[in-house]
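All remarks here apply to the structure that follows.
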Amino acid sequence: MDISSYVLLSHEQALRRKLDVAANNMANMSTAGFKREQPVFREYVERADQAMVPDAKKTSFVLDFGQVHDTASGSFEATSNPLDVMIDGPGYLAVETPAGGTAYTRAGYVKVLDSGDLGTAGGQRILGEGGKPINVPVEEQANLSVTDDGTVMGREGPLGRIAVTVFDDERGVAPRGDGMFDAQNGRELPAAETKLRSGGIESSNVQPIVETTSMVEILRAYQTSVQLSQSLSDMRKSAIDRLGRFS
């Protein structure tokens, strides 16, 4: 293949990547706390020592550089569970993973596990202040509520406080693929800075119209790329035919 074919191929690979991300966003339109993702690309410039014309010495390729998630908040979706919470602002709930590590989530489905600890809908323990689980005595489990600063209240008073962790650099927050995120060097917010809304969860911030429009644009760009590729192929065939007449 000549250099033009490689350039078109890099463009089509970028379009496929954009389509995969858009399709994943659409698939998670109803996932609580899901953050819309956007692909990031870089330009790779290759410079040749010689070329037929000076402008042809520089060739730009498209390289996949990863993806980032949109940190905009989703809307509040009321539930019938007074323990469910939505983080009003930046931050994540800290969750204990099965391996004993810590992951983070925006999906605020909260329930009391069989152990008496507060946990997620998937059964992982939610961590409170200082990375410690919040245990609820059996006699308190029927009368629980969550205040704006994350304090879990029982009939006899506070039982603990749900921690909200923020990260100064959101680029280091990476999705795990199970509705949670991996991240390092987080900072736990004090009670005065923590803002939770109880009785509901945060819906996905994916906007179907935006994603549908993006998918249409990707399809049209791919069709244009295919047409260019076909035109280049026709030009090469024509050139070969003409050269053959002089041989």
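Computed from the coordinates by the stated procedures, all read-outs in this text should not be read as laboratory data. No experiment lies behind these values; they were computed from the predicted model shown. Using ideal geometry, Cβ is built from the backbone for each residue, glycine included, and neighbour counts are taken over all protein chains shown.
Can you give the longest run of the chain that contains no trypsin sites (Lys or Arg not before Pro) sitting in a DSSP loop with at most 14 other Cβ atoms inside 10 Å?
The reported range is 1-154.
Relative to the first principal axis of the alpha-carbon coordinates of the chain, what is the inclination of helix 208-245, with its axis defined by its Cα atoms, in degrees from 0 to 90 and to the nearest 10?
With both axes taken from Cα atoms, the answer is about 20 degrees.
Chymotrypsin sites (Phe, Trp or Tyr not before Pro) within the range 166-244: which are DSSP loop residues with at most 15 other Cβ atoms inside 10 Å?
Numbers: sites: F167, F181, Y222; in loops: F167.
Hits after loop and neighbour filter: nothing returned.
Want the number for I209 to S115: 0.36 nm per residue separation, take away the alpha-carbon distance, what's left?
29.5 nm
I want to check the label-to-label distance for V40 and Q230. Put each point 7 Å from Cα in the C-beta direction and report it in nm to one decimal.
3.7 nm
Step by step: find N for the range 76-202, compute 2.2 N^0.38 Å, then divide the Cα radius of gyration by it. What's the final number?
Expressed relative to 2.2 N^0.38 Å, the Cα Rg reads 0.98.
Could you run the Debye sum over the Cα atoms of the range 157-224, one equal point scatterer each and no solvent, and tell me log10 of I(q)/I(0) at q = 0.19 Å⁻¹, two decimals?
Taking Cα atoms of the range 157-224 as identical point scatterers yields -1.02.
I need the shape label for the chain. Rule: rounded when a/c is under 1.5, else prolate if a/b > b/c, else oblate, with a, b, c from the alpha carbon gyration tensor.
Prolate, because a/c is 1.5 or more and a/b exceeds b/c.
As a test of the formula, what do you get for the chain when each DSSP H run with n ≥ 4 contributes -39,500 (n - 2.57) and the sum is divided by the residue count, at 222 nm and rounded to the nearest 500 deg cm²/dmol? The partial results should precede the final answer.
Working: 2 runs with 63 residues, N = 247.
Mean residue ellipticity, 222 nm, calculated: -9500 deg cm²/dmol.
From a point 7 Å beyond the Cα of D169 in the direction of its Cβ, which residues of the range 180-199 have a backbone N at a distance under 18 Å?
What the label zone holds, given the 18 Å backbone N cut-off, is 182-188.
Given the options S233, S204, S145, state which has the largest fluctuation in a GNM of the chain using a 10 Å cut-off (strictly under) for Cα springs.
Among S233, S204, S145, the largest GNM mean-square fluctuation belongs to S233.
Pop the C-beta distance of T147 and F76 into the FRET formula with R0 = 22 Å and round what comes out to the nearest 0.05.
That pair, T147 with F76, gives E of 0.85.
Assigning unit charges at the beta carbon (Lys, Arg +1; Asp, Glu -1) and nothing else, what dipole magnitude in debye, to the nearest 20, does the chain show about its Cα centre?
1100 debye
Which value in nm describes the separation of the simple spin-label points at S5 and Q223, placed 7 Å from the Cα toward the beta carbon?
Spacing of the two 7 Å Cα→Cβ label points: 2.5 nm.
Residues with beta-carbon under 11 Å from that of P137, excluding P137: net charge, scoring Lys, Arg +1 and Asp, Glu -1?
-2
Determine the dipole magnitude for the range 76-202: charges of +1 sit on the beta-carbon of Lys and Arg, -1 on that of Asp and Glu, nothing else is charged, the reference point is the Cα centre, and the result goes in debye to the nearest 20.
Computed about the Cα centre, the dipole is about 100 debye.
For the chain, with the dipole built from +1 on Lys and Arg beta-carbon atoms and -1 on Asp and Glu ones, taken about the Cα centre, which of A72, L118, S10 lies farthest toward the positive end?
S10
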